[in-house]
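Shown next, in structure tokens, is the structure this report addresses.
Each value in this text was obtained by applying a stated rule to the coordinates, not by laboratory testing. Computed from a predicted model, the values in this text were never measured in an experiment. Neighbour counts are summed over all protein chains in view; Cβ atoms, including those assigned to glycine, are modelled from backbone coordinates with ideal geometry.
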Amino acid sequence: MEVEKPNVLIVDDEDEIREILTFFVKSVYPCNVSEAINGEDAIDQLKKQNFQLVICDYNMPVKNGGEVYRYMIETDQPAKYVMCSSDTPQTFPVFKDSSHLFGYIQKPNLMNGVKEIVEKIKVESTKMSQSSALEKDFFPIGINLLLTLRNVPVDVFIKIAEGKHVKVYSAGSAFDETDFLKFSEKHIDKLYTESLTSKVIFQSIEDHVQQLLKKRTKANQVEAVIEAQSVILSTFKEFGFDDLMVPMVEAQIEETLKICNSDKTLGLLLGKMLKMQGSYLAKHSFMLAAITVALANKMGWNSDLTAQKLVMSSLFHDVFLKESVDNEVVVLKSGQYDGDFLDHPKKAAELLERIPKVPPDTGRIILEQHEVGEESGIPRAMPIHETSPLGQLFTFSHYLVDAILILSKSGPVTYDKLEAQLSGLGGQSSKYKKLMGLLKEIDLF
Ligand SMILES: [Fe+2]
Ligand SMILES: [Fe+2]
């Protein structure tokens, strides 16, 4: 049965805001969107068509948002009214009667505002149709993540046909290797949860990560942080970014910074990491953080802000890379990569933009992660002198980490072997030569 999509009216006199709101609304809510350029235009459209949701600016040249609100009350419009402004509704007397005010989106936080409103609509509509299982949305959850969590935080279903799901685990059940194998042998890598329980899932992931970070001792600190990194990366991959992840991401950044700042003997730290099992991406990201911060310090760039930018870039630069990649430099040298690989820096940089408190330029560092010079750099093949100083440092450290990972597979890593492995990087740019020289001053091996 085809369910009719709700109609949403977006009212703002600024073209750009309408465009952004339309994009955000459509990205999280299947609906038809109409736009109105001022209050009068909105009222005209409300006369002609039924809407379920109106997202309305306040200050507009021809009839303001308050007039639209009043019109909707007077004509008993069924649409939900959401005010979208940098001012709060309390600022305007018209909203003293808030009976029809469904919500408020504070500019400029449009994305989060839209998500909150959509979440609220979904909660309401579920309450209204709780008995109708047909209308429930299902939300994929990877068996990898369930195995990492070692338990099933919410009821989990298997999809047996389009729109048909059957419960296979109840909330609280354990999930171990046997469960994992049972599904992976059948080539099932995703199970499903009811979308409204996603908050519970995030909470459980968050608890898991915080627990990992809390349980760590001096001896297993690195292992704990790398494991937390695996969980965070798989969560991002599965769910994209959600505000609920902020505390866990912040805790992870703080922990990583602590290790980078406290461990004076980088060599010991690297040695420990090389011996560890675990995903390439988690290890690669974490080693990169340690090396790039150490090199920045050698360059005399030792502000907290620089360390923060470098750590964030390290931890999240490859968040969209496939888990199966086991050495990026090898992939790049082989020339056998696809569009997803080419896009991963851009996608990660865009994701970071959505996380609050990310220092400026972090996105740029991530964008330039593989820009090693005119010919071999991806995706833009930028000349090195056009890349940023922190970008160059990051890219160099990045190739260094992968070189260490390659070399460590066949015996002890030495400075000479590393130099040979990295020769040719960036066409022997003087910037990279300087960094190579500084490497000698770091106790790497
Ligand atoms: Fe990468
Ligand atoms: Fe990378």
Report task. Express in nm, to one decimal, how much length is gained between Ile160 and Glu353 on full extension, taking 0.36 nm for each residue of separation and deducting their alpha carbon distance. Result -> 65.7 nm
**Report entry** Using a Förster distance of 60 Å, the FRET efficiency for Lys48-Asp343 (Cβ separation, nearest 0.05)
**Finding:** 0.90
Requested in this report: State the antiparallel share, in %, of DSSP beta bridges confined to the chain, rounding to the nearest 5.
Outcome: 40
**Report entry** Rounded, prolate or oblate (a/c below 1.5 giving rounded, otherwise prolate when a/b exceeds b/c) for the range 216-439 by Cα gyration tensor
**Finding:** rounded
Query raised in the report: Quick one: Leu191, Leu305, fewest Cβ neighbours within 10 Å first, how do they rank?
Result: Leu305, Leu191
Report task. Express in nm, to one decimal, how much length is gained between Glu250 and Glu177 on full extension, taking 0.36 nm for each residue of separation and deducting their alpha carbon distance. Result -> 23.3 nm
Report summary line: Put in order of increasing Cβ neighbours within 10 Å, starting from the fewest, Lys272, Lys80 give Lys272, Lys80
Report task. In vacuum, with every alpha carbon of the range 348-445 counted as one equal point scatterer, what does the Debye formula give for log10 I(q)/I(0) at q = 0.24 Å⁻¹? Two decimals, please. Result -> -1.21
Report task. Report the local net charge at Leu101: Lys and Arg +1, Asp and Glu -1, summed over other residues whose C-beta lies under 13 Å from its C-beta. Result -> +3
Query raised in the report: How big is the equivalent ellipsoid of the range 252-317 along its three axes, where each semi-axis is √(5λ) from the Cα gyration tensor, reported in whole Å from largest to smallest?
Result: 19, 14, 9
**Report entry** Cα gyration tensor category, rounded, prolate or oblate, for the range 7-128 with a/c compared to 1.5
**Finding:** rounded
Report task. Compute the FRET efficiency between Asp326 and Thr88 as 1/(1 + (r/R0)^6), taking r as their Cβ-Cβ distance and R0 = 45 Å, and round to the nearest 0.05. Result -> 0.35
Requested in this report: Tell me the label-point distance for the pair Cys31, Glu119, using the 7 Å Cα-to-Cβ offset, in nm and rounded to one decimal.
Outcome: 1.7
**Report entry** Alpha carbon centroid spacing (whole Å) that separates the range 59-106 from the range 262-322
**Finding:** 49
Query - Segment Asp97-Leu274, length gained on full extension (0.36 nm per residue, minus Cα span) - result: 57.4 nm
Report summary line: For the table Lys26/Lys48; Lys5/Lys347; Lys182/Lys322; Lys214/Lys440; Lys120/Lys182; Lys167/Lys214, the rows whose alpha-carbon distance is greater than 27 Å are Lys5/Lys347; Lys214/Lys440; Lys120/Lys182; Lys167/Lys214
**Report entry** Given Lys122/Lys357; Lys199/Lys346; Lys215/Lys258; Lys258/Lys283, the pairs whose alpha carbons are separated by over 20 Å
**Finding:** Lys122/Lys357; Lys199/Lys346
Report summary line: Largest fluctuation, Asp87, Asp242, Asp207 only, Gaussian network model of the chain with Cα springs under 10 angstrom, belongs to Asp87
Query raised in the report: Hey, if you drop one equal point scatterer on each alpha-carbon of the chain and run the Debye formula without solvent, what base-10 log of I(q)/I(0) do you get at q = 0.09, 0.14 Å⁻¹?
Result: -0.71, -1.25
Query - Cα gyration tensor, the range 136-197 - rounded (a/c under 1.5), prolate or oblate - result: oblate
Report summary line: Between the modelled labels at Ser423 and Asp243 (7 Å from Cα along Cα→Cβ) the distance in nm is 5.5
Query raised in the report: Which ordering of Leu435, Leu101 is given by a fewest-first count of other beta-carbon atoms within 10 Å?
Result: Leu101, Leu435
